[in-house]
1. Which value results when the Cα radius of gyration for segment 280-419 is divided by 2.2 N^0.38 Å?
2. Averaged per residue, what accessible area in Å² does the chain show with a 1.4 Å probe, protein chains only?
3. How many Lys pairs in the chain lie less than 17 angstrom apart by Cα atoms, where the lysines are 8 or more positions apart or on different chains?
4. With a ≥ b ≥ c taken as the square roots of the eigenvalues of the C-alpha gyration tensor of the chain, please select rounded if a/c is under 1.5 and otherwise prolate if a/b is larger than b/c or oblate if it is not?
5. Take every DSSP beta bridge with both residues inside the chain and express the antiparallel ones as a percent of the total, to the nearest 5.
6. First measure r as the distance between the Cβ atoms of N148 and N385, then evaluate 1/(1 + (r/R0)^6) with R0 = 51 Å and state the FRET efficiency to the nearest 0.05.
7. Please report how far the C-alpha centroid of segment 596-643 lies from that of segment 184-206, rounded to the nearest whole angstrom.
8. Shape verdict for segment 34-170, please, from the Cα gyration tensor: rounded (a/c under 1.5), prolate (a/b greater than b/c) or oblate.
Amino acid sequence: MTKRRTKPQITRRDFLNGCAISLAAGTALSPMEALAQTNPGSPSLSPDYYPPTLQGLRGSHEGSFEFAHAMRDGQSWQSVDAGDGHYDLVVVGGGISGLAAAYFFRKQHGPQSRILILDNHDDFGGHAKRNEFWHEGRMYLVNGGTLNVEAPSQYSTVAAGLLWELGLDRDRYYEKNRDIFSFYRDMGLRGSMFFDRESFGADKLVVGYNDMPITEAAAQSPLSDKARQDLVRLYESRENYFPGLSAAETRQRLTHMSHEDYLLNVVKVHPDVVKLFHASFYGSLVVGPDAIPAIYYRDNGYPGFAGLNVEDLPPELLINEPGGQHGRENIDRARSGDPDMYFPDGNATITRLLVRSLIPDAVTGDDMEDIVTAAVDYSLLDRSNNHCRVRLNSTVVNVRHQGEDQVRTEYVNNGQSYSVTSDSVVLACWNTVIPYICPELPDSQKQALGYGSKSPLVYGGVLLRNWESFVDTGISRVSAPTSFYSSLGLQASVAMGDYQAARNPDEPIVMRFSAYFDAPGRGLNRREQHTVARNNMLTTSFDTFENNLRDQMTRVLSGGGFDDERDILGITVNRWPHGYSYSYNPLYDPTEWAYTSTDERPCVVGRQQHGRISIANSDAAASPHTDASINEAYRAVNEMLNM
Ligand SMILES: Cc1cc2nc3c(=O)[nH]c(=O)nc-3n(C[C@H](O)[C@H](O)[C@H](O)COP(=O)(O)OP(=O)(O)OC[C@H]3O[C@@H](n4cnc5c(N)ncnc54)[C@H](O)[C@@H]3O)c2cc1C
C-alpha cells in the first residue's frame, strides 16, 4: 500500500452516510463549495478540490444530472459568452471517448490546438471513475465504474496503439501481475454461492459451489428435492429437446426464445432452478433470463444444451467489433489471448494517463506505474493558458452551427449558462442526450440515437479493517443471484509501482460489490426494463444501499466472525443510471443487428457526422467497452478531416 500524506483515521463513530466525516470535512471540499468564481465561464477549482476521495453516493452523483433533466423537460437558459475565445475543438463528455478524441485531434492538428472538454460530473473519466479510501495515512483504491481492459489482444490497432502511446506496456504489466486472478485461489480461498432465505426459504452459503460436482452442490443447497433433481438433470441430461429440428433450426429456435422460457417450458425445471441463473448475464446485459435469448446461455457454456444438435457460431463472427460481444462472443476466441488487465482504480488509470498527456502539469509522474499514485491538481485542468482545458461540472444544453464555419456550444455551470464557439465539436456524451442538446439533427438520426437504453447498475467499494472473516469462511467472493447485491468480492490483488493491494488478511482491503437493477416478471423487453429500473435505482437512498450491504455481508460472513460495526471503515456507492451501452438482442431486435455489423443498426444511423459535429462514445458502437469508446473517438476525429 502506498504511504502519502497523512489522513485522519476513520472510526465507526465518524461514519455517516458512507463518509468518514473527518475526511470529508478536513481535506476534500464538496465540489460546488470548491468552485471559486474567478472567471464566470470557467470557474477555477481550488487546490483542495479532489473528488476521488468523496464517499457516499458517487457515480452519477447529485448535481451531475439535474440540468440535463431540466433541459429534457423543456427548460432553457440565456447564455453569456464564456470569454474563452474561439476553440479548434469542443468535446462534450470527458469520459474515455471524449479524452481520447482530444488526444487524437491534437495528434492530427498539433500541440497548439485549442481544445475544450466539457463534462457534467465533478470528476473527469465518465464511467471510468476512481474511488480513493484513506485510512491511517494509506490510500486504498478501487474502480467506481469501468473495471478492466477486457480481452486486450482483441483491441483494434487504434485502441491498443493509444494505450501503448500512453505508456501501458502489457508485458511489463503481466510480469508484475501474473497471479492477480489466482492469488486468492492459491491461498485456498474459493468462490461461493449465497442462497437467501427470501428466495429459497433459508440462508445458505455454499463454498466452492462451482468447483464441486453438481450433485454435491445441489445437496448442500437449501433447494427442495424436486428443484435439486431438476438442477442435476439440467446439468447431466443429454436429451435433445428439439429432436425434429436441424442444427440451424435449433439455433434459430434458441435465438428467439428467452432462457427462462427454455428452462421452464422446454427443459421443464422447477422455477427455483431458474433463479440460479438470474444474474448470469447481469455483468454484461443487466437483465435476467426472461429478457435474454437461450442461445446466449448455450454459446457461453451454461448447462442444459448438451444433447441438442446446434450449429456453432462461426469463429470469425464480429471479429472486428470491439469488446467481448456479451452473449454473442465466440467463447474460444474470448478466452484466447492475453488476460484482462486490471488497475487498482480500474480504467480510471487510462483517463488519468490521457489527462496527463493532454495537460502534463496537472498530473505528476511519467509512466504507467506512477500514474496510480500520481497527484492530480484539478485546479490546473482549466487554466486559460492551457491548450487543452477540461471543464467539470458543466452540462452542455445546446450545440448548433453558427453559420457554416463554426459551432456554438452552450453549457450550464452552477446554474448559469455560458457559450463557446469552435471550428468543430465531438459529442462524446451519451446517445440518449444528443437529440436534446442538438435539435438541428435530422429526425431520423434523432430517432436512431434514442433507440438504445443504457443499463442501470451500481458498482461500489467498501473499505474493510481486515479480511480475516473471508479467510475464516474460506471464500474470496460470493455470487448471490437473488440478493440485492448479486456479487461481492475482494479486490484483485494488483501491484503497480508503489501501490500493492493487501496480501495479508489482517490488513485493510477494499471489497467490491455490485447491484443490477432490472424489472422482471412484467413482460417488458430489455430497453423497457432499463427505463423502469433506472427510476427505481434513482429513488434508492444511500441508507438502503448501506443497510443492504451490512445485512448481506453479515449473513454471508458471520460464520467467519464478520462484524459490520467493527469491520466496515467506509462505503462508496457509484450509481450508474446510464451505464453500459445498449447492445442488440435478437429477442427484441432484428437478428442481423445482433450478429452482424450492418449499417442498418441504429448506432450507425445515429453516429453520422452532421456538418461540423461528429459523434463518438461507446453508444456509437452499441458496445459497452473501452475499446469501443476509443475506436469511436478515432472515427469521429477522422471524419473531421473530410470537412
Ligand atoms: C459500472 C460500469 C462498469 C464497466 N466496466 C467495463 C469494463 O470492465 N471494461 C470495459 O471495457 N468497459 C466497461 N464499461 C463500459 C464503459 O462504458 C466504457 O468502457 C467506457 O468507459 C465508456 O466511455 P465513454 O467515454 O464512451 O462514455 P462515458 O464514460 O459515459 O463518458 C461520457 C461522459 O459524457 C458526459 N455527458 C453526458 N451528457 C453530457 C452533457 N450534456 N454535457 C456534458 N457532459 C455530458 C457523461 O456524464 C460522461 O461523463 C463499464 C461501464 C460501467 C457503467
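The values are calculated or read from the model by the stated rules, or taken from the named source; none is laboratory data. Just so it is clear, the model here is predicted, and its values are computed rather than measured. So basically every Cβ, Gly included, is an ideal-geometry build from the backbone, and we count neighbours across all protein chains shown. Just the protein is used for accessible areas: all its heavy atoms, side chains included, with ligands, DNA and RNA removed. Shrake-Rupley method; radii C 1.70, N 1.55, O 1.52, S 1.80 Å.
1. Output field value: 1.59.
2. 37
3. Values: K204/K275; K226/K268; K226/K275; K446/K454.
Final tally of qualifying lysine pairs is 4.
4. The shape class here is oblate.
5. The antiparallel proportion sits near 70 percent.
6. Calculated value: 0.90.
7. 42
8. Note, shape of segment 34-170 comes out oblate.
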